[in-house]
1. In whole Å, what are the extents of segment 154-236 along the principal axes defined by its C-alpha atoms, from largest to smallest?
2. How long are the three semi-axes of the equivalent ellipsoid of segment 96-148, in whole Å, if each is the root of 5 times an eigenvalue of the C-alpha gyration tensor, listed from largest down?
3. For W40, what residues show an amide H to amide H distance below 5 Å, using hydrogens built from the backbone and excluding near sequence neighbours?
4. Using only the alpha-carbon atoms, how far is helix 50-59 inclined from the longest principal axis of the chain? Give it as 0 to 90 degrees, nearest 10.
5. Return the sequence-ordered ³J(HN,Hα) values of segment 131-137 in whole Hz as given by the Karplus equation 6.51 cos²θ - 1.76 cosθ + 1.60 applied to θ = phi - 60°, using x for Gly and Pro.
6. Among the trypsin sites (Lys or Arg not before Pro) in segment 124-187, which ones are in a DSSP loop with at most 11 other Cβ atoms within 10 Å of the Cβ? Mind listing them?
7. Long-range amide H contacts for I164: which residues qualify at under 5 Å (H placed 1.01 Å from N, peptide plane, sequence gap of 5 or more or a different chain)?
8. Quick one: what are the phi-derived ³J(HN,Hα) couplings along segment 42-49, Karplus 6.51/-1.76/1.60 with θ = phi - 60°, whole Hz, x for glycine and proline?
Amino acid sequence: MGRVHSIQSLGTVDGPGVRCVVFMQGCPLRCGYCHNPDTWDLAGGEELSVDEVFRRVKRLQPYFKNGGGLTVSGGEPLLQEAFTAELFSRCREAGIHTCLDTSGCIFTKDTEALLAVTDLVLLDIKMTTDEEYREYIGCPMAGPLRFWDELEKRGIPVWVRQVIVPGLNDTAENIARLSALLAGRRNVERVQLLPFKKICAAKYQNLGLPFRFEGYPHCPEETVSRLEAMLEGDRL
């Protein structure tokens, strides 16, 4: 059994094509810009079996166009690795593409079993210094970097993603550090810079939680475009 926050039937931003997105409950991190604080508590959500979730995914298989399939997100799905691995195994047997959306902050023997049935990883490299990781994310940077190394060792394709927050990491220096982290990585298929937005603020208010990044402004699309061009230039 697993604790599931919610299931999105037909998503288009969490991996290639049209996808079913399963949001798992529970997260050990406390990212300052987290959009889903309601997923933090591992005891929350709904308890579902792999069979129940797989049946929902399988019903949607005819809609998985353009390389679509299943994405498991969160929360942090690595907190429920055995459940996610079993679900991915069922999907792989059915010919359904599997994608893991993760911070990469955990690596155990169960992680190895999960990666063995994972087709693609959306890896959030949330910051580019250990100091920023500890201050704004809640873990050392070494964990996600080790996870990334393991993905490369196994030849698992990766889409690297980073949220851009004006006044925090919307700088040439951050892009240069991100470019350095990407250098020589053979399994990175795509890099996505995502604009920081505060549409989640009401969730924090309803939960009685402080929203640490309330004071930061929304990130304009032109800022993302400028940084993407800078990153692309660094990688040429």
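1. 44, 30, 17
2. Values: eigenvalues 107, 28, 10 Å².
Here the semi-axes work out to 23, 12, 7 Å.
3. For W40, whose amide H was placed from the backbone, the distant partners under 5 Å are G26.
4. 80 degrees
5. 4, 5, 4, 5, 6, 9, 10
6. On the way: sites: K126, R134, R146, K153, R154, R161, R177, R185, R186; in loops: K126, R185, R186.
Loop-located and lightly packed - R186.
7. When sequence neighbours closer than 5 places are left aside, the close amide H contacts are L194, F196.
8. Once θ is set to phi - 60°, the couplings for segment 42-49 become 5, 8, x, x, 10, 7, 10, 8 Hz.
The values are calculated or read from the model by the stated rules, or taken from the named source; none is laboratory data. The structure displayed is predicted, hence computed values, not measured ones. Note that each Cβ is placed from the backbone with ideal geometry, even for glycine, and that neighbours are counted across all protein chains shown. Side chains included, ligands, DNA and RNA excluded: accessible areas come from the protein's heavy atoms. Shrake-Rupley method; radii C 1.70, N 1.55, O 1.52, S 1.80 Å.
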